[in-house]
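The values are calculated or read from the model by the stated rules, or taken from the named source; none is laboratory data. No experiment lies behind these values; they were computed from the predicted model shown. Cβ coordinates were reconstructed from backbone atoms using ideal geometry, including for glycine residues, and neighbour counts include every protein chain displayed.
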Amino acid sequence: MQKPFIRNHQYNLIKKQARLVQNALRTVSDRNVIQSVREGAEYTIAEQFREPEQRERVQGISLLETSEQLEAYLRELELYLLEFPELTEIQIRKLFPKNKKLKVPDLKQMDRRYMSYLSWMDIATNKLFMVYPVDGQFVGLEGRYTPINKQGYCFICNKQEELALFSALSKKRPEKSSPDYYKTVGNYLCTDSQACNENMTDLSALERFIASVMA
């Protein structure tokens with residue numbers, strides 16, 4: 001069996017394309033239109049992967065005729081989901097050395113196949129903590145978490161969800177800055193990180209945000 005190679009956001013994109021095909025099968029009578037939707041989905045999925053063996057594994061959606069076949073296709077690809085890199089409580093604490101009383105989430109309860117990033121809320125301090133791998137190394141972001149009590153588009157997953165403002169503390173300080181200096185980089189993200197991870201089909205917005213915080 002081929003090793004896992006499909007990342008969470010890629011699997012979400014595949015699911016999105018499968019739903020488009022399902023919708024076409026249910027609502028469109030023109031076979032040419034249905035085939036066009038199928039072929040568009042096939043192309044979009046193939047573009048996520050560069051290795052010929054991986055492309056071969058994910059292809060086939062353009063040939064499926066029923067919702068049952070599409071669901072079976074998705075279940076088969078779940079076998080190739082690549083887990084979010086494993087990390088320990090000690091590793092997490094090292095990412096946030098100034099937070100001596102950091103409350104770390106129960107990592108054993110998380111299905112890392114369906115994670116593009118790790119985040120959790122500390123209600124006592126009203127802070128959000130986020131962990132993400134960059135070039136093989138974990139980076140940790142922390143900042144103020146302010147629910148806005150309304151729906152909008154999350155900057156990470158670009159889906160409409162309940163939002164909060166995340167004001168992350170910048171990692172860099174200008175030379176000769178005062179001890180009290182700090183800078184934040186803010187944006188609106190899903191209040192439910194699990195839903196956000198389930199929505200993600202692209203990592204670029206998250207990676208740009210992290211880069212701006214690290215700069």
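Taking each residue of the range 102-117 that is over 24 Å from Asp202 (Cα atoms) and looking for partners that are buried (at least 16 other Cβ atoms within 10 Å of the Cβ) and basic (Lys, Arg) with beta-carbon atoms closer than 8 Å, six or more apart or interchain, yields nothing. Can we say Arg57 is of a type in the set (Lys, Arg), part of a helix (DSSP H, G or I) and either touching a strand residue (DSSP E or B) at 6+ places or on another chain (Cβ under 8 Å) or crowded, with 16+ Cβ neighbours inside 10 Å (or both)? For Arg57, the condition - of a type in the set (Lys, Arg), part of a helix (DSSP H, G or I) and either touching a strand residue (DSSP E or B) at 6+ places or on another chain (Cβ under 8 Å) or crowded, with 16+ Cβ neighbours inside 10 Å (or both) - is met.
Of the residues making up the range 86-106, those that are exposed (fewer than 14 other Cβ atoms within 10 Å of the Cβ) and more than 20 Å from Leu169 (Cα to Cα) number 5. Do we have Lys103 as assigned to a loop (DSSP other than H, G, I, E, B) and either under 30 Å from Val28 (Cα atoms) or among the charged types (D, E, K, R) (or both) here? The answer is yes for Lys103. Quick check on Gln54: is it outside the structural domain of Asp135 (by TED's automatic domain parsing) and closer than 30 Å to Gly140 by Cβ? Considered against the rule, which asks whether it is outside the structural domain of Asp135 (by TED's automatic domain parsing) and closer than 30 Å to Gly140 by Cβ, Gln54 comes out as no.
Listed conditions (1) assigned to a helix (DSSP H, G or I); (2) over 29 Å from Val131 (Cβ atoms) are all met by Glu65, apart from (1).
Checking each residue of the range 140-150 against the condition of being surrounded by fewer than 18 Cβ atoms within 10 Å (Cβ to Cβ) and among the basic types (Lys, Arg) gives at least one match. For the range 68-87, a tally of residues being part of a helix (DSSP H, G or I) and touching a Phe, Trp or Tyr at 6+ places or on another chain (Cβ under 9 Å) returns 3.
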